[in-house]
Structure formats: structure tokens, C-alpha cells
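The values are calculated or read from the model by the stated rules, or taken from the named source; none is laboratory data. No experiment lies behind these values; they were computed from the predicted model shown. Cβ: placed from backbone, ideal geometry, glycine included. Neighbour counts: every protein chain shown. To get the accessible areas, we keep the full protein, side chains included, count just its heavy atoms, and leave off ligands, DNA and RNA. Shrake-Rupley method; radii C 1.70, N 1.55, O 1.52, S 1.80 Å.
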Amino acid sequence: MIDVITRTFTPEILAYLLDGALLMLELSVVIVVCSVVFGLVLALLRNYEKFVLGRLAGIYIEIFRNTPNLMWVLICYVYAPLPNVFLRCTFAFVLFTSAAMAEIIRGGLNAIPQGQFEAAASQGFGFVQTLCYIILPQCFHNIVPTLLSQVTTVIKDTSFLSMVAVAELMFRARNTLALLPRYTGQTVGIAQVAVIFGFAALIYFAINFTLSCVVRHLQKRRAVARAA
């Protein structure tokens, strides 16, 4: 097995796989940032606008929370009016993930006592000022562990994009098996498959385990703070 590993991971193949991991992280960062922004808008509309926009936000959230992410990736890959595959797939992920982010943010908003709005109003704060300076900072402080858990889901789900030829980590791991005979002269067998996909799994595990440790640390700190 050691011989298989040393022969398989040539500098070219290793760089090829690591570039895929970098693209996976870039996709994840863009998706998470855009989804938090859009999810915040959806959460605010659903919580505080009780008429047309609030109801539309609720319908949007329920549709995307109860349908599979891969379906939207395939739909947007074919139909989204965007110039390249990267943007179309990112758009699909943002549509889907923003619904989950909206519910996480709503949970944080609903956990804050409504009396804080009344207290802020008594000090002359308007509704928008109360949200920006009092409610949202507390909300995001409380939901950081849950948001990070959702980030790990996004990172893992980027592997769906290998099905539409986005050259992220999983696509490159699969493609590496076709490149092995050219770069190393090896025929592809069970050992090569195990080594390549094992390396990809190790990268996913290292990233997501690190985030999981951060989540557990934050949860312990919150539990200690509450007990004090």
C-alpha cells in the first residue's frame, strides 16, 4: 500500500487534487456569505412583515427546505441565465442554503425577549435601529454554533457539483483515476481507488472536524456562561 501511495501522489496529481480542495473552499465561502445575507432578509421578512412579502418569504423557505439540493443544482445548471457553470451552481446553492440560514436566524431572533423592543423604544430607538444595534448582534452571537454546523453541510454538499463537471475536489478525485495511467503508468485497481478517494475523504474530514471542534467549544462556552 505504501508503494501505491508514493507512486500515485506525484507532484502533478497532488497539486491537481489540492486545487480542487481550494475551489471547494472558495465555493463554500461564497455560498455561505451570500446565503447568510439572503437568509437574513428572508428571516426578517417572515418574522416582522406579516402581509405579502412575509408570506412569500415563508413559501420560499418551505419550498427549498423540503426539496433536495441536487435537484436545484441540476435545474440551475440547465436553466439559470448566468454566464458560466460556477455562477449557475453557486446560485443554486445560495437559493437552497439561504432557506436553511433563514430558519437558523429566525430561531435566534425568536429567542430574544420581545421586551427588548419595548425597552429600546422607550430609549428613543426606532425599529431599524433596534434591529441593527440590539437584536441582530445578540441573534448572531447566539446562533454562531448552528451557523457553523450549516457550513459543514455546505462543504460536504459541494461534492454534488461533480455531477455537473465543476472541478471541485470530488470531481478531481474521480478524474484522477483516469489520469493515473498517463502520469504514473499504473493500471487502476481497488488500491488506487481507495487511495485517491481516501485522500479526498481525509481533506473533507480535516476541514469539517475542525469546524465541529469549534462548534463544540462555542457550545461549551455558552453552557458555562449560562451556568454562571
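Points worth noting:
- Carbon plus sulfur fraction of accessible area for segment 116-228, probe 1.4 Å, in percent: 64
- Neighbour-limited loop hits for GluC sites (Glu not before Pro), segment 100-190 (at most 15 other Cβ within 10 Å; DSSP other than H, G, I, E, B): none
- Principal-axis tilt of helix 85-110 within the chain, Cα atoms, nearest 10 degrees: 40
- Taking every protein chain into account, the accessible area of segment 1-144 amounts to 54 square angstrom per residue (probe 1.4 Å).
- Sparse-neighbour loop sites [trypsin sites (Lys or Arg not before Pro); segment 29-138; at most 15 other C-beta within 10 Å; DSSP]: LYS50
- Protein accessible area in segment 1-76, 1.4 Å probe - carbon and sulfur %: 76
- With contacts taken as Cα pairs under 8 Å and at least 6 residues apart, the chain reaches a relative contact order of 28 percent.
- Furthest towards positive pole of dipole, LEU14, VAL85, CYS213, structure part the chain, Cβ charges: CYS213
- Most to least accessible of CYS139, CYS34 (protein chains only, probe 1.4 Å): CYS34, CYS139
- Sequence of HIS217, HIS141 when ordered by accessible area, the most exposed leading, probe 1.4 angstrom: HIS141, HIS217
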